[in-house]
Ligand code: MG
C-alpha cells in the first residue's frame with residue numbers, strides 16, 4: 001500500500017487516488033526539472049532540466065529517457081497546442097517559441113512594447129488558439145538558468161499572444177507570475193505568484209481572474225488559495241475543475257471552490273505537473289532532480 005504517499009485532508013480526495021498506486025520515480029539526475037508536457041501522438045513526455053540547458057524525453061512505451069535537445073536556450077515551461085505542436089518558454093532565448101511539424105522553430109513572442117521580455121516561464125493555450133504566458137525574471141537574474149541581463153520591461157507580467165501574433169499584457173500587478181492554467185470551461189485563468197523569492201512580504205498564492213465575455217481580457221484578480229508549504233509554481237486543472245498544483249512538499253489538490261482536498265507527498269520541492277497517458281489519468285511530476293508519475297482517478301482537462 002502506498003498510503004505514505006498521500007495526505008487526505010478532505011474525504012473527497014480518497015476517491016481521487018488509488019491506494020495501491022505508488023508514486024514512481026521515472027528518472028533522476030537533474031538539477032532543476034520543470035516544464036513537463038505530454039505528446040499524445042508519440043506517447044512521450046518532454047521536460048526541462050533548466051540549469052543543465054537540456055530538454056529530456058521519456059518514452060511511455062519502454063521507459064527510455066534520452067536527450068531531446070541540448071543546448072536548448074534554457075527552456076522552462078512547455079505545453080502542446082490544439083494541433084499537437086510543442087510550445088516552449090525559453091529563458092535564454094527570452095521568448096515563447098513553437099516547434100513546427102517539419103522540425104523548424106518559430107519565435108512567437110520575444111518583445112512587448114519594443115522591449116525584450118524577461119524570461120518566459122510557463123504557458124497555456126486557450127481553445128481559441130491564443131497563447132498565454134508568464135514572464136518573471138528568474139531566467140535573467142543570474143547565469144544559472146539563463147543569461148544574467150538587465151530587465152527591459154517595467155515589471156514581471158502576464159501576456160497573451162493572439163491568433164494573429166499580437167502580444168498584449170493581460171496582468172500587470174503580480175510580483176513574479178509563474179504557473180498558470182485555465183479552468184476547463186475557460187471561465188477563469190489561475191496564476192501562481194512566486195514573488196516571495198524576491199519580496200519577503202509576498203504571500204505564496206494562486207490568484208484567479210474571471211475572463212471577460214470577449215474571452216481576451218481579464219477581470220481583476222482575487223486570491224484563490226495560499227500555499228502552506230513552500231511556493232506554488234506550475235499546476236494543471238482536471239476535467240472537474242480541480243487544481244493539481246506543485247508545492248514545497250508535493251502536489252496539492254484543490255476543489256474548484258478552493259478547498260484543499262489532499263496532497264501527494266514528495267520528498268523534494270515540486271516545480272510543475274501535467275496529465276498524460278492515453279487516458280490523461282497519469283499525473284507527471286517534475287520535482288527538483290527527478291521526474292515522477294502517479295496514476296490518479298481524475299483526467300486532465302484538454
Ligand atoms: Mg514555473
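Potential lengthening of the chain between residue 113 and residue 228 amounts to 37.7 nm, from the contour at 0.36 nm per residue minus the alpha-carbon distance.
Projected label points at residue 255 and residue 163, each 7 Å from Cα along the beta carbon direction, are separated by 3.7 nanometres.
Inter-part distance, segment 193-223 to segment 63-84, computed on C-alpha centroids, equals 27 Å. The modelled label-to-label distance for the pair residue 59/residue 25, using points 7 Å beyond Cα in the direction of Cβ, is 2.3 nm.
Please list the three semi-axes, largest first and in whole Å, of the ellipsoid equivalent to segment 89-161, using sqrt of 5 times the eigenvalues of its alpha carbon gyration tensor.
After scaling each eigenvalue by five and taking roots: 21, 15, 10 Å.
Here is the size of segment 135-291 from its Cα atoms: Rg then Dmax, 15.8, 44 Å.
For q = 0.13, 0.18, 0.19 Å⁻¹, what log10 I(q)/I(0) does segment 1-108 give under the Debye formula with an equal point scatterer on each alpha carbon and no solvent? Relative scattering, expressed as log10 I(q)/I(0), comes to -0.59, -0.92, -0.97.
Once both labels are positioned 7 Å from their Cα atoms along Cα-to-Cβ, the gap between residue 40 and residue 4 label points is 3.6 nm. Extent along the principal axes, Cα only, for the chain: 56, 41, 36 Å, with the longest axis given first. Centre-to-centre, using Cα atoms only, segment 24-53 and segment 110-153 are separated by 20 Å.
Here, each number is a calculation from the coordinates, and none is a lab measurement. Here the structure is a predicted model, which is why all the values come from computation and not from measurement. With ideal geometry, Cβ positions are generated from the backbone for all residues, glycine too; neighbour counts draw on all protein chains shown.
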